[in-house]
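What follows draws every value from the coordinates through simple rules; no lab data is involved. For clarity, every value in this text was computed on a predicted model and none was experimentally measured. Glycine gets a Cβ as well: all are built from the backbone with ideal geometry, and neighbour counts include every protein chain shown.
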Amino acid sequence: MSKARQLADNGAATPNRNKVINGSMTVSQRATSVTGVSSAGYHTCDRYRAAFTRAEYVCTVSQDTSAPSGFANSYKIATTTAESALSAGDQINISHRFEGQNLQNIAKGTSAAKQLTLSFWVKSSIATTWTSDLYDADNARQCSKTYTTDVVNTWEYKTITFPADTTGAFGNDNGGSLYLRWWLDAGTDWTSGTQATEWAGAANTTTVYAATGFMTTGSSTWQITGVQLEVGPAATPFEHKTFAEDLAECQRYYYKTGPVVANDSFCIGFNGSATVAVGVVPFPVTMRAEPTALEQQGTGPNYRVAHESTATNCNSVPTFDRATNQNAAVVFTVASGLTSGQGCDLRSIENSAFLAWSAEL
């Protein structure tokens with residue numbers, strides 16, 4: 001057998017084998033560091049969602065430059081306000097969510113169902129046993145496994161193989177069918193049952209192996225990079241992509257037009273009245289679904305409408321008008337001075353201004 005054929009057989013030369021997007025944490029459109037985090041959301045590295053159940057727990061989430069050899073960045077959570085003690089319903093997990101149409105080669109729910117292998121690099125200030133699980137959102141099924149951090153504050157490579165599941169097929173659509181989750185800590189509502197290490201109906205009590213002390217330890221840290229989820233019983237070398245490839249895949253779920261340099265243009269538009277200008281921003285890639293809201297920053301004077309030979313600052317932040325999965329219309333409002341029917345340029349006035357749209361799972 002040729003060397004090329006051997007590589008293809010074990011997956012090392014097979015492109016697009018990694019189901020995970022932004023596994024090397026290179027893309028962080030929203031921010032590189034966010035402090036005072038106590039609520040669920042995508043805070044820094046694209047495609048990684050933190051979930052919390054206690055507002056008393058506060059952390060910093062960042063795209064960190066500490067990483068093992070071969071990587072430049074990692075996703076990091078650092079505790080800033082610890083819990084005094086876990087309540088039964090407390091939990092914190094990080095998830096990565098997958099569209100069903102990207103999972104069809106797993107053949108889940110059929111007699112040909114395949115195993116999945118997760119591999120990643122992890123570093124933590126706590127040496128303990130942690131839980132990672134797969135949750136089938138289409139069929140409310142789950143399989144939960146453990147891994148350990150053996151030495152504190154040291155990068156360690158971990159692999160977990162999940163069994164095939166012949167029950168419950170993934171939908172062949174753009175909905176969220178599978179959640180990959182790393183559990184950092186949890187109370188007894190999540191740990192009191194026998195961990196479901198084989199596929200079974202989802203239940204909170206069988207999800208997490210045990211509490212780790214992460215939420216109750218001051219200045220605790222956990223970080224991860226080099227994440228890969230692939231079909232098969234064994235891990236293959238991490239599939240590195242170019243930054244452009246990672247960015248385009250992330251922009252299917254979230255697109256941010258900046259922050260831009262002062263007086264940079266968001267788009268060309270037209271004046272609908274003396275106070276309102278409308279423009280259409282094209283998305284660089286087709287988004288997963290039509291966005292339904294606009295994100296922006298600051299106040300109205302952070303944005304302006306350039307028209308004729310002058311520019312007029314807005315008196316409110318831009319607003320959402322409508323969107324498809326390929327573009328979005330935005331509305332810029334000023335106090336007066338526009339000429340209805342004329343063209344205009346919708347701009348920033350400072351480099352912190354941005355417009356953004358989400359189609360996250």
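Just grab the label-to-label distance for ASP173 and SER336, each label 7 Å out from Cα along the Cβ direction, in nm (one decimal).
In this crude label model, ASP173 to SER336 measures out at 5.1 nm.
For the chain, what is the calculated [θ] at 222 nm in deg cm²/dmol (nearest 500), taking -39500 (n - 2.57) for each run of four or more DSSP H residues and dividing by its residue count?
-1500 deg cm²/dmol
So how far apart, in nm, are the two label points at SER66 and ALA51 if each is 7 Å from Cα heading toward Cβ?
Taking the simple label geometry, SER66 and ALA51 are separated by 2.7 nm.
Using mean Cβ contacts within 10 Å as the protection proxy, how do 308-319, 71-82 order, highest first?
Descending packing order for the listed peptides: 71-82, 308-319.
Mind ranking 332-344, 184-196 by how tightly packed they are, going by the mean number of other C-beta atoms within 10 angstrom, highest first?
184-196, 332-344
Debye sum, Cα scatterers, segment 254-358, no solvent: what log₁₀ I/I(0) at q = 0.10, 0.17, 0.24 1/Å?
-0.24, -0.69, -1.29
In a shell of Cβ-Cβ distance under 10 Å around VAL231, excluding VAL231 itself, what net charge do Lys and Arg (+1) and Asp and Glu (-1) give?
So the surrounding residues net to +2.
For ALA262 and THR81, what does the FRET efficiency come to when R0 = 35 Å and r is the distance between their Cβ atoms, rounded to the nearest 0.05?
0.45
Grab the other residues whose beta carbon is less than 11 angstrom from that of ASN302, score K and R as +1, D and E as -1, and report the net.
That sum, taken over residues with Cβ under 11 Å, equals +1.
Looking at (i) 20.9, 72; (ii) 30.9, 88; (iii) 22.9, 75, which value of Rg and Dmax of the Cα atoms in Å comes from a calculation on the structure shown?
Entry (iii).
Within the chain, how many lysine pairs that are 8 or more places apart, or on different chains, have C-alpha atoms less than 20 Å apart?
Counting lysine pairs in the chain gives 12.
Subtracting the Cα-Cα distance from 0.36 nm times the residue separation, let me have the gained length for ARG322 to ALA88 in nm, one decimal.
Answer, rounded to one decimal: 80.0 nm.
Report the residues of segment 125-147 in range of a label on THR154: point 7 Å along Cα→C-beta, backbone N strictly under 20 Å from it.
The answer is 125-131, 147, whose backbone nitrogens lie closer than 20 Å to the label point.
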